[in-house]
Structure formats: C-alpha cells, structure tokens
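No value in this document is a laboratory result; all are computed from the given coordinates. Keep in mind the model is a prediction, meaning the values are calculated, not measured. When we count neighbours, we look across all protein chains shown, and the Cβ atoms used for this are built from the backbone with ideal geometry, even at glycine.
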Amino acid sequence: MKKRAITLYINGEGYDLNVPVHHTLLQVIRDQLNLTDVKYGCGRGECGTCTVLVDDERISCTDTDATTKYCVSKPGKRKAILACMTLAATMDGKHITTVAGLNKDGELHPVQQAFVEEGAIQCGFCTPGMVLKGVAILEKNPKPTETEIRNELEGNICRCTGYVKVVKAVERASELMASKRKR
Amino acid sequence: MSESVVGKRIPKVDAQEKVTGKAIYAGDMRMPGMYYGKIVRCWEYAHANVKKLDFTEALKVPGVVKILGPDDVTQKGYNTTVMKLLVPESFGEVFGEIADLNIFNRRVKHQGDAICGVIAKNEEAAERAAEKIKVTYEPLPIFMTAEASKAEGAKKNGLLFTPLKPGNLACELPDAFFPGKAYGWNDKDGKTTKDLWKKCDLIVEDNFYVPKQKQCQMENHSYVAYYDERSRLNIWTSTQMAKPVQMLIAELFELPLSRVRLVQTTVGGGFGCRLGMVGEPHACALAMAVPGHPVRTEMLREEDWVASETRYPGKIWMKMGFKKDGTPVCIEAHYTARKGGYYTHGLGPPFCGAAFVHGMYKWEAMAMQADAYFTNEVPTGAYRGYGNPQITFVQEQLVDHMCNELGIDQVEWRKKWHKSIGDETWLKGVTYASDGLNDCLDMAAKEIGWKEKKKKYAKQTGTKRRGIGVAIMNHTSGAWPMLLEHTTCTAKLNEDCTVELMAQISDLGTGGHTAMTQMAADTLGFPLEDIHLKTGDSDYSGFDIGAHASRTVYCAGPAIIESCESVKKQLLERAAQLLEARVEDLTMDRNKIISLKGNPDKKIDARRIAKDAVYNFIDPVSGKNIGIPGQIQGYSSFFAKHCSPPFGACFSEVEVDIETGEVKVLNLVNGHDIGKAIHPPSVEGQLEGGAQQGLGFVLTEEYAYDDKGRVLNNDFTDYKMLGPSDMPNAKIILVETAPDPIGPMGAKSCGESALMGPIGSVANAIYDAIGIQMTEAPITAEKILKAIKEKGIQK
C-alpha cells in the first residue's frame, strides 16, 4: 500500500499524516482522524453530505474581525468541495473547514444560527454539508436571490425538508451576516 | 406557572448538536478494539441458488478475522417487521404471517440478498476479503411482475418462493375477517356494491400503476454490535422502533431481554425504512462470532436500494358509481401488489390503502380487495403513507374524472361528500371526532387562487400548458385499534426541582422530542430548560413501540403528559400538607413558588419540597423529618384510545411542456387539519419535506431493472429525486380550527399526511393542463409525450 506524508490543516489545527495514496479526504477525516462531523452519504459525489470548505490560505479562528467571533475568510476564497471525491494525498498543505470549525467559543456562525432559527434541521444528516454549502454561497455572493440559492444548493440532497426552510435559512444568514458587518 | 411554550416557534431541542456536527449517528461510533463487518451480497442475479462458497483467498487477506457463511449463523428464520408484536397472536395466523428470511442465504430471491459476512480488523481489509470470496451460482428464472409470479405458482411443480405460500401468493385479505376477501361495507338495506351498480347514472373506472419508491433517508444503515464481557448483546442502531426491535433480536438469537441492550443513536431519517429490523440481524450475527469486540457494519449507499425495504408497487383497478347530481353510490377496487422476495410486511400497505378509501368519502357501499405476489425484487415494507399514497393517486383522479364528466366543481364536490364527525374512519366502527377539512379546502383554495386559475387555464394554446389540481386525504394518528399503541414514560423530579423524562420515544428528525419537551413544560408549568428528555437506551427506557403510523405526538405525548401531571399532583399534595391547605386552593407561579390563592404570603418554594424529598434529615430537636421524604416520580403506561385521523387538502399548479413532456410544479399549497400544532415549525417541516417525497412518487421516482432483474438506478444520479431547484416553494397552512377532543392538547398527526395531497393534486393538475388522464405513476416526461402522441392534447 503506497503512502504519502502530508500536512492537513483542519479547522486551524495542523495534522502530519501518512495517508494511503488511494484514500479519499473523507476516509482520512472520518477514519484516520475520527472527525465524524463530516458525513458519508453516498461516496460518489452525488449527495453533498461530505461537503467541506477548502482554502489555500490559513484561516485562523483567532484572527477574526473585531465584531464577530466566528471564523471568516476573504470573500470567495473558500470553496465547497466533496471530501469523498478528493484524494487526501492531493490536499497537502490545504486548509479545511468542517462544520465543527465554524462555531467558536460557543457562538454559532450566522449560517448555523439561521438554520437553528428557521427550523431548517430535521434528521440532521445533511446539515453539516448543507450549512457549509450555505457558507460557501454567501462568501461568494453575500446577497443571493432565492433562485441563486436554489441553484447553488443543487448537489446537496435533503430528504426531510423539501428545501423550503433550508433556502429560508440561507436568506436569513445573508441578513445576519450583513447586519454583523455593519456593526 | 411558567409561560406556555406549546404552539411556540422555539428552536428544536436537538438543533444545536446537529448544526455543529456533534450528533452521533451509528456510523460515527468509534470504540476501542472495534472490528469491521462487511456483508457479502449477490449483485449478479435476482434469483439463483448458491452452489458453492469458497473463502480460501479471502481468508488470506491480512487483517481478516473471520468469515461467516449460511451455516455459521442461527438457522432460525425471521421477519423484519415488528407487526407480529403489535397484533394479537391469532391475527398473525389469520393473515398467514411467516418468517421466511434468513441471515445468510443459499437461495438468492432478489439482487442484494445476503450470502455471507466478513469480520476484519479494518474496513478496507473487510472490503478486500469480501471481493475475494468466490460464490458459484446456479441462476433461476426471474419473476418481476405479480402476473408472472402467479402464473408460475399456478403451474404443477412451478417454482415457489416458499413452500409455505402456494401459488406464490404472499398474502390476500383473509375471508375470515373480510367476507368475500374485500374490505368495505354494504348499504343500509344490506345491498352490496354488486347490487348498486345499476342504481348509478355514471360509472368511472380505470386501471392504474403505482411505483416502487425508495425512502432515500440520508443516513445509510449502520450498526455497531458488541457481545460483551457480561454476555450481553449490545447494538447501536438508528432503528425507528427500538423496543420491538430489541425483542425481535432477543427472539432471533434466543437471548432473554435482560441480555440484549439496544441503543438508538441519532436517526438520520426513517420514512418507514427503519420500521423493524434492517441490517440488525447481520450486524449482531457478526458480533456474536467475536465476543469482546465491537463490530461496525455499515451499508454503502448503493446497497440501500437492494437490501432494505421499499414502497409496495403494483396495479390498482378502481371503479366508482355516481348519481347524475354527483351523489356517490358505490366503489370497488382491487390492489395487486408486487411483494418482492420475502413476506416482511405482508398485506399491511395494500390493506391500509383500502382502509384510507374507507375513511374518505360517503359511499353507500364499498368493497376493496388486496393481494400481493412474490417477485424477485428487494422486499416491500413500510414507506411513509403506508398504502395511502398509492390509493390517493387513483381515487383522487377518478373523483376528478367524475367531476369533469358531470361539470361539478372539484372543490365543492369534495366539501360536500367527504366523511366527517360521526362517520366511520379508516376503520370500521371507529368514528371521526373532529374535522377541519372544509377549512383546509377553503383556505388553501383561496391561497392558490383556485377559481381564478381554473378559469384562466380553461383555454390555452402554445407549448407550455398550465393546470391546477386539488386532492384531499385522510390519514391516522397512530394505528389504534388495529395495532398496539403503547408508550411508557417516567418523569423524575430532580433534587433541584428540574425534571428528567425517561422514555424510548423516537425522533427521526421530525421534531418529536421537541414537542414532547414542550408538552412536559406546559403540563408542569416549568420553563423548557428545566426539562430533559432522556431517550435511546433500552437499559433505562421503558416500553414504547417506536415511531410509525404518525403516532409520536398523539400516542406518546399523552404518556409524557400523564407522567408530568402525576409529578405536579404529588408536588402540590406535599405543598398542601406542609401549608396545611387544600390542593385545589394552591397555585404555582413562574418561579415555582406554591402559594395559597388569595393569600400569597402563605407559600412554599417547590425547590424546597424537591430537595427535602431527596436530601431528607431528621430534625435533632423535634425528632421529626424536615420536609417530606421520598423522591417524587410520575409514571405513565399509556394505551391510545383513538386514532383521530387528520384530514388535508392540497392544491398544485403545474406547467407541462407539450413538446418535451416536462412537468414543472409552479406552486403547491397544502392545508393540513392538525388540530393543534404543538411545534409549528416541525409540522410545517413535515409537510414541506413530505411534498418532496410525494412529488417524487408522482413525477420521477421508481426502480428501473435490467433484463436480469438487477437494479439500474441504485444511486442518486439515476434515481431522480426533486432537488432544490426543482422544488416549488411549498406553502403550508396549519389549520387549527378543529382541535381534536381526544388528541393531546387538541393535536392530531402530520408525519405521513404530507405525501398524499401533492400526489393527487399534481396528477389532477396535469389532467387540467393537457386533458389526458395519466394512469401510471411516476408521470414522467416520456409517458406524457407518449400519451400526447397517442391521444393528442385533449383541451
């Protein structure tokens, strides 16, 4: 079994790892690091439950702007990718955010907050991926229309909500983030 | 009393753990010394005998611990369903229930049947070894329709699925309970449907097809099973029905319940898929072979379609007779379902389909037959709606057909002829106690603009034709009196006057746990944060049958309420004793101070009573107890006394592209007769999410097979569910104008009700757009184009 030494930064924490070259990022995160907030839903890039955010630059939860405690990134910097479709060996040096890395000191990220407030969570299995997709949408486009949100959410499957409250939560998060920026 | 929380839009009790990724599902379990299981399934054939099994190469894979074949596990047969525990034993015999499943099989009856299981020290080794197991098969002919299976079964020496079921007839309505093998009733003079057809001025009749739909819950079936050092079998599972499944496991492995522990992990969606056992027998069998090592067995997504149960597909013939003013006279129907390879839920859903016909309209007479034949498909079982989506697709289209023939408004006819208070519900002898259906119809019709749009879409040209449709439904709140509806709850008053509720109540993501907590808070008059609902572990939870039949609020809620009422009563009784007052003269404020009404100075802190109840001492001077000793606990063992069926009315507006056959659902308004919404966002969530599954049934979702009976679309790309950009922004109207006199706090159910309205109303809206009755679900673009080509646009 061929292995490769890599360093992964997950939620600001560095991990020096020796990963089998054929292992996906999902396998490494869930089975090697036991970070189970990233879910396995289909393993073939169809359902979006394993969505994570990736950025070339370090995202530090300690260097957040003064008004917010949650982790931020420069607009459009973080991209949502599917951990099940990514080989871990190709992610050397990358900074990855999972849903557990969004909240800080007990304070939820506005997207998480909006999901709670709107009742957009049912069984919760798609929620980590759905929330991260919401963050990616809003970091790229802080004020998306309903149609834009719906189109961007394609690829993240939910069988519980019919997407009604999920879409509302992303809209609400957009407002929450705007009001935080103003303050 | 603390401020009421029932009916308030509070955050769900489990929202925080789910939104931060902290909720633990069975597949997230990590334990020291854990092994990994892999079930080897037959992917090549839908029907075959296993001639030879060769583990030689597989056992050489480093990390492999053991491989178990059909002879290495219990030979006891089983049935996945918990039904046999929920009915009297004699019922099962009358219905012909059998236990025809085995853990590992020498005869494959559907693609995905389990052959053997690998245990390894890591997941990859388990998967590698599984690939290296050599199975030699002898293929058998496949039977993919009820007709083919029946024909084979009728032959002398025909190939039977099981010798216990002659003719490959898995089940039919038994004569013993249903004279003439039909469910229904005769008119007041004893006349049958057969007698009444001649009275009818208009008869509408057609043959319909309903699809094999998959639940597609997002969490795959995963388990950790562990035969521990105390010789107890532990299983962590996201089952919907924890206690009955614990019992089935105990029976299968011949262990007393005291040696079986079932822990229900967070449930990542159920929709019926986890109603009964799924992969628990296999997971436990593997664990029993390696005592002292937990074994995690996780199904892959592609396995889900071939290894866990589905909706009942099949053919439904229905015939309705009316007077020329639209008065309904009689109805007959016959539902022939494809059973799949095993008996599992037997006639459950087709019978319930008949039952929901029974509960809907005021026919003078009704007779519906139902049967199911074995086929070489993954078995059918429970799926949200349990027979109701299938018959709604048929019944609501035929009602519209009659309205169109007679020129009657579809909404007005339904308002006039649906059953109401005092009429029999889905079950003979059980009558409706509340009815908010006309309000559902009126409010939803107004919201969508029924009259205006009906007129507007009457005459159209162009390639995109719009249509509007309506459908109504009745469902149930729990399955009483057909099935057991029993929940226990222990409410323990903590020493600081907060409350711990212990109950095995399932929350599949529905918000059930939130609603339970709200009901407890209001009953006790305590703030929400003082209540903790503890569920999930058979070691401390009492009996509850689990989540099925839209029962949680209606059947489990009262157990919560009763146990909390008992705590409140005991608390007030002690206060009365200490204050030398009568209970009825006392009141408790939001700070838990109990005082005499009209004399607030005569008071005692409930916290004092709670603390003294536990930390109780003898006063050294008086020699008497300080306060009253003995921890306060409330207990309820609640059996439902009714099933208060909810009604619902749904309107859909569609646009059909007559050149491509594509259907776009533009608007969907669903009015639901909830009685009282305990947690409104959860009720809305059920109805919004159910719409996605209903629209899937009617527009896109069905199994596709190749000529060998192998599934072609066991993945999310080829099994098309409506995505975020396909879904309309469903508008839900919670109708609370008819609180139920029996339901807890006036509540009726909502869990399954959401699918039926969207199914019937979209089918009727498509008819309204193109004037062709589409009799086969799902109504795909291909079928629409074919129908247009054959019949032409009929409007």
Chymotrypsin sites (Phe, Trp or Tyr not before Pro) in the stretch B:515-613 lying in a DSSP loop, each with at most 15 other Cβ atoms within 10 Å of its Cβ, come to B:Tyr540
So how far apart, in nm, are the two label points at B:Thr587 and A:Gln32 if each is 7 Å from Cα heading toward Cβ? 6.6
Reachable lysines from B:Lys121, Cα under 16 Å, same-chain residues fewer than 8 places away excluded? B:Lys38, B:Lys60, B:Lys66
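What is the ratio of the Cα radius of gyration of the stretch B:696-780 to 2.2 N^0.38 Å, where N is its residue count, to two decimals?
1.49
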Using just the helices of chain B, give the 222 nm mean residue ellipticity in deg cm²/dmol: DSSP H runs with n ≥ 4 each add -39,500 (n - 2.57), and the total is spread over all residues, rounded to 500. -8000 deg cm²/dmol
Heads up, the stretch B:160-251 by the C-alpha gyration tensor (a ≥ b ≥ c square roots of eigenvalues; a/c under 1.5 rounded, else a/b over b/c prolate, else oblate) looks prolate
Anchor A:Lys3: aspartates and glutamates whose Cα lies under 16 Å away (excluding residues fewer than 8 positions away in-chain): A:Asp16, A:Asp31, A:Asp92, B:Glu124
For a Förster distance of 60 Å, can you work out the FRET efficiency between the beta-carbons of A:Tyr15 and B:Lys786, rounded to the nearest 0.05? 0.60
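Using alpha-carbon pairs under 8 Å, 6+ residues apart, how would you state the relative contact order of chain B in percent? Spell out each step's value before the answer.
Details: 1994 pairs, mean separation 124.9, N = 795.
About 16 percent, as a whole number.
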If each K or R counts +1 and each D or E counts -1, the residues other than B:Glu44 whose Cβ falls under 9 Å of its Cβ total +2
Percent of alpha-carbon pairs separated by more than 19 Å within the stretch B:597-723: 75
Just list whichever of B:Lys109/B:Lys214; B:Lys52/B:Lys156; B:Lys324/B:Lys464; B:Lys453/B:Lys789; B:Lys212/B:Lys416 have alpha carbons separated by over 23 Å in the model shown. B:Lys52/B:Lys156; B:Lys324/B:Lys464; B:Lys453/B:Lys789; B:Lys212/B:Lys416
As an exercise, use a Förster radius of 30 Å and the Cβ-Cβ distance of B:Tyr615 and B:Tyr635 to find the FRET efficiency, rounded to the nearest 0.05. 0.85
May I ask for the net charge around B:Gln633, where only other residues with Cβ less than 14 Å from the Cβ of B:Gln633 are counted and Lys, Arg are +1 while Asp, Glu are -1? 0
Just to compare against my own numbers: the Cα pair-distance distribution for the stretch B:540-629, 10 Å bins, whole % per bin, please. 15, 34, 25, 18, 7, 1
Residue by residue through the stretch B:24-38, which ³J(HN,Hα) values in whole Hz follow from phi under the Karplus form 6.51 cos²θ - 1.76 cosθ + 1.60 (θ = phi - 60°), with glycine and proline marked x? 9, 9, 4, x, 8, 5, 10, 9, x, x, 6, 9, 10, x, 9
Binning at 20 Å from 0, report for chain B what percent of all alpha-carbon pair distances ends up in each bin. 16, 46, 31, 8, 0
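Which percentage, to the nearest 5, of the DSSP beta bridges contained in the stretch B:647-778 is antiparallel? Mind dumping the intermediate values first?
On the way: 10 of 15 bridges.
The antiparallel proportion sits near 65 percent.
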log10 I(q)/I(0) for the stretch B:486-639, Debye formula on C-alpha points only (no solvent), q = 0.11, 0.13, 0.21 Å⁻¹, two decimals, reads -0.46, -0.61, -1.22
Select from B:Phe393, B:Asn122, B:Gly689 the residue farthest towards the positive end of the dipole of chain B; place +1 on Cβ of Lys and Arg, -1 on Cβ of Asp and Glu, and compute about the Cα centre. B:Phe393
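Counting only DSSP beta bridges with both residues in chain B, what percent are antiparallel, rounded to the nearest 5?
Here the share of antiparallel DSSP bridges comes out near 75 percent.
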Cβ neighbours within 10 Å, averaged per peptide: list B:47-54, A:124-131, B:114-121 in order, most packed at the top. A:124-131, B:114-121, B:47-54
Among B:Val499, B:Ala549, B:Met516, whose Cα lies farthest out toward the positive end of the dipole of the stretch B:486-639, if unit charges sit on the beta carbon of Lys, Arg (+1) and Asp, Glu (-1)? B:Val499
Specify whether the C-alpha gyration tensor of the stretch A:1-56 places it in the rounded, prolate or oblate class, a ≥ b ≥ c being the square roots of the eigenvalues: rounded for a/c under 1.5, otherwise prolate if a/b is larger than b/c and oblate if not. oblate
Describe numerically, in nm with one decimal, the distance between label points set 7 Å from Cα along Cα→Cβ at B:Ser725 and at B:Asp71. 5.7
Report relative contact order for the stretch B:370-462 in percent, whole number only (criteria: Cα-Cα under 8 Å, sequence separation at least 6). 13
Kirkwood Rh for the stretch B:134-196 from C-alpha pairs, in Å, is 15.0
The answer for the per residue Cα convex hull volume of chain A, in Å³, is 106
Give a residue-ordered list of calculated ³J(HN,Hα) values for the stretch B:163-175 (Karplus: 6.51 cos²θ - 1.76 cosθ + 1.60, θ = phi - 60°; whole Hz; x for Gly, Pro). x, 6, 10, x, x, 6, 7, 5, 5, 8, 4, x, 4
Convert each backbone phi in the stretch B:781-793 into a coupling constant with the Karplus relation 6.51 cos²θ - 1.76 cosθ + 1.60 (shift: θ = phi - 60°), then list the ³J(HN,Hα) values in order as whole Hz, x for Gly and Pro. 4, 4, 5, 5, 4, 4, 5, 5, 5, 6, 10, x, 5
Please report the net charge: other residues with Cβ closer than 15 Å to the Cβ of B:Lys676, K and R +1, D and E -1. -4
Counting only Cα, what are the radius of gyration and maximum Cα-Cα distance Dmax of the stretch B:261-378, in Å? 20.6, 73
State to the nearest 20 debye the size of the charge dipole of the stretch B:486-639 about its Cα centre, where the only charges are +1 on K and R beta carbons and -1 on D and E beta carbons. 320
Per the Debye formula with a single identical scatterer at each Cα and no solvent contribution, what log10 I(q)/I(0) holds for the stretch B:636-700 at q = 0.12, 0.14, 0.21 Å⁻¹? -0.47, -0.59, -0.99
Per residue of A:42-48, how many C-beta atoms from partner chains lie within 10 Å of its own C-beta, taken as a mean? 5
Quick check of the Kirkwood formula: for the protein assembly as shown, what is the inverse mean of 1/r over all pairs of different Cα atoms, in Å? 29.6
